[in-house]
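Reading through the structure tokens given below for one structure.
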Amino acid sequence: MAHEAFKVEVLTPEGEVFNDEVQQVSTRTGVGSIGILARHQPLLGMLEPTELRLYKSESDVVRFAQGEGYVQVTADGVLLLVEEAVDPDKLDTGELQEKLRQAESELESAEEDSEAFRRAARDKKRWEAFLRVARGEEIVQ
């Protein structure tokens with residue numbers, strides 16, 4: 001069954017990465033996974049690193065490795081403001097593994113409750129999610 005289409009825009013600090021109509025958005029917030037359809041209640045939420053899925057139809061899905069950020073749902077559509085949104089085909093698993101090792105090392109050496117500790121923990125979470133997307137592993141939404 002087809003769903004009603006609505007406008008979705010995905011923005012990063014580098015600019016717009018997606019601006020089109022979709023039938024569903026699937027992502028992860030700080031409190032769990034979320035699926036957004038047309039006429040969703042207004043919402044403002046914090047996003048976690050995950051695989052962002054934008055369903056143009058049941059068989060046409062645009063995927064991104066999504067960094068942390070924010071989602072805003074209004075009557076006009078959905079806006080996702082994220083640190084990164086990368087096409088899975090452009091992810092380099094070797095580079096991501098190195099970034100993950102570096103984040104783990106920084107996490108081990110940082111003082112708990114410090115800004116360095118929070119940044120390393122955030123980076124570790126992002127690189128783990130991006131690696132799962134790059135490998136095509138199912139991310140529990």
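The values are calculated or read from the model by the stated rules, or taken from the named source; none is laboratory data. None of the values given here were measured: they were computed from a predicted structure. Here the Cβ positions follow ideal geometry from the backbone for every residue, glycine too, while neighbour counts run over all protein chains shown.
How many residues are surrounded by 16 or more Cβ atoms within 10 Å (Cβ to Cβ) and either among the charged types (D, E, K, R) or out of contact with any Gly (no Cβ under 8 Å at 6 or more places or on another chain) (or both) if we restrict to region 68-85?
7
Mind checking which residues of region 53-92 are more than 23 Å from Q41 (Cα to Cα), in contact with a Lys or Arg (Cβ under 9 Å, 6 or more places away or on another chain) and among the basic types (K, R)?
Across region 53-92, the qualifying residue is only R63.
Given the residues E95, E104, E68, which is the only one that is in the same structural domain as K124 (by TED's automatic domain parsing) and in contact with a helix residue (DSSP H, G or I) (Cβ under 9 Å, 6 or more places away or on another chain)?
Just a single option satisfies the conditions, and that option is E104.
Tally up the residues in region 93-141 that are in contact (Cβ under 8 Å) with a residue 12 or more places away in the chain, surrounded by 11 or more Cβ atoms within 10 Å (Cβ to Cβ) and not in a helix (DSSP H, G or I), please.
Adding up the residues that qualify gives 2.
Within region 53-82, work out how many residues are farther than 17 Å from R122 by Cβ and in a strand (DSSP E or B). Outline the logic, then answer.
Restricting attention to region 53-82, the residues satisfying the condition of being farther than 17 Å from R122 by Cβ are 53-64, 71-80.
Right, trim to in a strand (DSSP E or B) and you get 53-55, 61-64, 71-74, 77-80.
Residues flagged as farther than 17 Å from R122 by Cβ and in a strand (DSSP E or B) within region 53-82 amount to 15.
Could you list, ordered by first residue, the pairs with Cβ atoms under 7 Å in which the first is in region 4-15 and closer than 14 Å to Q66 by Cβ and the second is among the β-branched types (V, I, T), at least 6 apart or interchain?
If the second residue must be among the β-branched types (V, I, T), the pairs left are V8/V22; V8/V25; V8/V78; V10/V17; V10/V82; T12/V82.
Considering only region 6-22, state which residues are surrounded by 14 or more Cβ atoms within 10 Å (Cβ to Cβ) and acidic (D, E).
Matches in region 6-22: E9 only.
Restricting attention to region 74-87, does a residue exist that is without any contact (Cβ under 8 Å) to a residue 40 or more places away in the chain and in contact with an Asp or Glu (Cβ under 8 Å, 6 or more places away or on another chain)? Give the derivation first.
Step one: filter region 74-87 for residues without any contact (Cβ under 8 Å) to a residue 40 or more places away in the chain, giving 74-75, 87.
Still in the list and also in contact with an Asp or Glu (Cβ under 8 Å, 6 or more places away or on another chain): none.
Within region 74-87 (the criterion being without any contact (Cβ under 8 Å) to a residue 40 or more places away in the chain and in contact with an Asp or Glu (Cβ under 8 Å, 6 or more places away or on another chain)), the answer is no, since none of the residues qualifies.
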